[in-house]
Amino acid sequence: MKTARSQSTTSIWSNGTEEAIFHPLSTDTSVDVCVVGAGIAGLSTAYMLGREGQSVVVLDSGSIGGGESGRTTAHLSNALDDRYYELERLHGIEGSRLAAESHSAAIDAVEAIVQREKIDCGFERIDGYLFVPPGGERDELEEERRTAQRAGVTVEWVPRAPMEDFDTGPCLRFPRQGQLQPVKYLQGLGRAIERAGGRIFTGTHVKDVESGSSVLVKTDAGPVVRARTAVIATNVPISETYGLYTANAAYRTYVIAARVPRGSVERALFWDTPDPYHYVRVHSGRGSDWLIVGGEDHKTGQADDLDERFKRLESWSRERFHKIESVDFRWSGQVMEPVDGLAFIGAHPLGKENIYIVSGDSGHGMTHGTLAGILLRDLILERSNPWARLYDPSRITLRAFTDLACENVNVGAQFTDWLKDADMDSIDRIVPGEGATIQTGWRKLAVYRDEHGAYHQCSAVCPHLGCIVSWNSIEKSWDCPCHGSRFDPYGRVIHGPANKNLDNPEDYHALLNAAALLMESSASLSINFLGKLLNLGLRVGRN
């Protein structure tokens with residue numbers, strides 16, 4: 001869970017949107033369900049359970065939508081990024097059908113909530129268009145059309161997408177997709193939760209969740225929540241979770257918002273097919289529209305050309321939308337990519353009693369988060385749900401094993417950063433407002449020089465599993481290249497799976513922790529990977 005909010009960029013959703021006011025948890029309390037995380041997944045779950053008469057508490061160290069949910073582009077779509085032909089390969093025809101059904105149901109649920117709770121968030125139904133880049137083969141689109149239709153998705157060929165300045169050629173149209181202003185929607189959900197008797201506490205960092213017949217949720221400040229059930233909805237689980245951090249890769253994705261004349265761009269969702277791909281929508285502002293374009297993804301902590309990615313996004317956009325007047329916003333967000341394309345939603349995979357988790361948005365956080373609320377409501381209330389097996393966090397997808405192996409090889413390669421030279425050989429070379437890793441003896445330090453020239457040092461060793469963090473010059477953060485943990489310039493954690501700050505480099509115990517983490521991480525990755533391999537073998541033997 002996030003304990004700091006030191007993002008260098010601001011999304012268009014947060015600009016000019018008044019922050020909802022909630023207060024930190026100040027006393028112990030008891031409740032039916034404690035939800036950790038006030039993003040789309042956490043608030044959707046709290047809302048669904050509150051409507052069933054459950055007493056609910058939501059805890060978040062930041063504000064409502066202050067994490068990744070406030071940095072999304074908020075496409076509501078059943079046209080999934082991983083493609084139905086890939087989902088059918090991984091999960092079979094029935095799994096592909098259930099994926100389509102659940103994401104379609106999520107869009108319907110958002111629409112119903114907006115109407116029921118009268119949330120002013122600009123929700124609208126619009127069409128989506130999938131096209132190939134210039135010179136691209138359209139065979140992929142035809143395969144996607146056939147498999148999407150087998151999954152029950154409405155899709156058809158059209159001569160071109162409605163882009164005035166760019167001819168996409170024949171492409172696929174997916175009707176009745178959706179979009180909204182995500183921060184306003186989440187704030188509306190928060191108000192609805194409170195009207196139903198739920199309580200929301202922000203500025204409250206959860207440091208541990210103890211399972212049992214009664215779950216104990218502990219906070220840094222001292223107050224605890226006792227609950228029958230806890231839901232960890234923090235984008236990634238905040239505690240060690242067998243299998244998830246080896247099957248759930250973190251990516252940074254980049255977004256620009258460009259001012260265009262009102263009505264000059266069709267109100268629709270647009271996606272192309274390269275890897276990484278581009279995604280586009282329009283948002284109405286005062287006096288003009290905003291063209292919102294995202295893409296240029298890379299694994300978290302594994303790129304050093306961040307400014308260039310924004311430049312490439314702008315160049316791509318101007319080539320296709322000639323009426324762009326100015327690019328006024330740019331930001332990035334974190335996307336968790338499960339190796340088999342679908343989120344992890346359900347009971348804790350280690351069997352921790354009465355703890356449920358949500359992770360792996362796969363670029364569809366708004367729909368995955370909403371369907372998580374529906375599914376977790378049913379699981380907690382012991383109702384049957386046809387989606388439960390598909391999203392089970394304990395699942396092992398045989399056909400995704402090659403991707404699982406590749407991800408773990410990539411993670412293992414990041415540990416060689418211990419052997420690489422630091423970014424700079426002297427802190428004097430760090431310019432104000434930037435950070436760099438520095439080597440002192442065998443220690444690696446993460447050093448930030450603030451705007452006044454003062455230096456702030458902490459250990460460069462991620463407290464999750466011991467990788468060396470790297471400096472993100474766009475977001476002014478320390479990013480872990482192994483599993484995506486992120487820390488503000490001063491070393492305070494802002495994104496899991498790490499759940500504590502970078503160590504003080506002067507602490508002798510931090511040196512021992514770094515060595516222990518390095519050994520533990522190698523053993524942990526090996527054990528987790530071998531465990532997956534063993535389970536796969538057992539399943540193959542049974543089939």
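The values are calculated or read from the model by the stated rules, or taken from the named source; none is laboratory data. Being a predicted model, the structure only gives us computed values, none of them experimental. When we count neighbours, we look across all protein chains shown, and the Cβ atoms used for this are built from the backbone with ideal geometry, even at glycine.
Which of the residues that make up segment 215-225 are in contact (Cβ under 8 Å) with a residue 60 or more places away in the chain and either surrounded by fewer than 17 Cβ atoms within 10 Å (Cβ to Cβ) or in a loop (DSSP other than H, G, I, E, B) (or both)?
Asp220, Ala221, Pro223
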Any residue at all in segment 152-164 that's of a type outside the set (Val, Ile, Thr), touching a residue at least 24 places away in the same chain (Cβ under 8 Å), assigned to a loop (DSSP other than H, G, I, E, B) and in contact with a His (Cβ under 7 Å, 6 or more places away or on another chain)? no
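Here is a list: Ile126, Ile119, Ile113. Which entry is part of a loop (DSSP other than H, G, I, E, B) and under 30 Å from Arg51 (Cα atoms)?
Answer to the selection: Ile119.
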For the subset of segment 373-409 comprising residues that are touching a Phe, Trp or Tyr at 6+ places or on another chain (Cβ under 7 Å) and at pLDDT below 95, which member is farthest from Arg51 (Cα to Cα)? Asn408
Which is in contact with a helix residue (DSSP H, G or I) (Cβ under 9 Å, 6 or more places away or on another chain), surrounded by fewer than 21 Cβ atoms within 10 Å (Cβ to Cβ) and of a type in the set (D, E, K, R), of Lys323, Lys352, Lys299, Lys311? Lys299
Identity of the residue in segment 166-203, under 20 Å from the mean Cα position of the chain (by Cα) and of a type in the set (Val, Ile, Thr), that ends up nearest to Asn15 (Cα to Cα): Val183
Would you check which residues across segment 366-388 are over 14 Å from Ala230 (Cα atoms) and in contact with a Gly (Cβ under 8 Å, 6 or more places away or on another chain) and list them? His368, Gly369, Leu375, Ala388
Residue pairs qualifying under the 9 Å Cβ cut-off, at least six apart or on distinct chains, with the first in segment 388-402 being closer than 23 Å to Tyr356 by Cβ and part of a helix (DSSP H, G or I) and the second being at pLDDT 85 or above and among the aromatic types (Phe, Trp, Tyr), are Tyr391/Phe344
Flag if Ile494 is at pLDDT 70 or above, aliphatic (A, V, I, L, M) and either in contact with a Pro (Cβ under 6 Å, 6 or more places away or on another chain) or more than 24 Å from Val206 (Cα to Cα) (or both): no
Of the residues Arg259, Arg228, Arg309, only one is within 22 Å of the chain's Cα centre (by Cα) and charged (D, E, K, R); which? Arg309
Pick from segment 26-67, criterion among the acidic types (Asp, Glu) and surrounded by fewer than 22 Cβ atoms within 10 Å (Cβ to Cβ), ranking: farthest from Ile380 (Cα to Cα): Asp28
Residues that are assigned by TED's automatic domain parsing to the domain that holds Arg281, farther than 23 Å from Phe344 by Cβ, in contact with an Asp or Glu (Cβ under 8 Å, 6 or more places away or on another chain) and at pLDDT 95 or above: does segment 245-256 have at least one? yes
So Ser61 ticks every box in (1) under 18 Å from Leu342 (Cβ atoms); (2) in contact with a strand residue (DSSP E or B) (Cβ under 9 Å, 6 or more places away or on another chain); (3) among the hydroxyl-bearing types (Ser, Thr, Tyr) but one. Which box is left unticked? (1)
The lone exception for Gly178 - which of (1) buried (at least 18 other Cβ atoms within 10 Å of the Cβ); (2) more than 25 Å from Thr45 (Cβ to Cβ) it fails: (2)
Based on this model, can you work out whether Glu156 counts as acidic (Asp, Glu) and under 30 Å from Gln115 (Cα atoms)? yes
Report whether or not Thr202 is among the β-branched types (Val, Ile, Thr) and either within 30 Å of Ser264 (Cα to Cα) or touching a strand residue (DSSP E or B) at 6+ places or on another chain (Cβ under 6 Å) (or both). no
Go through segment 302-356 and give me each residue that's aliphatic (A, V, I, L, M) and in a strand (DSSP E or B). Val327, Val335, Met336, Ile345, Ala347, Ile355
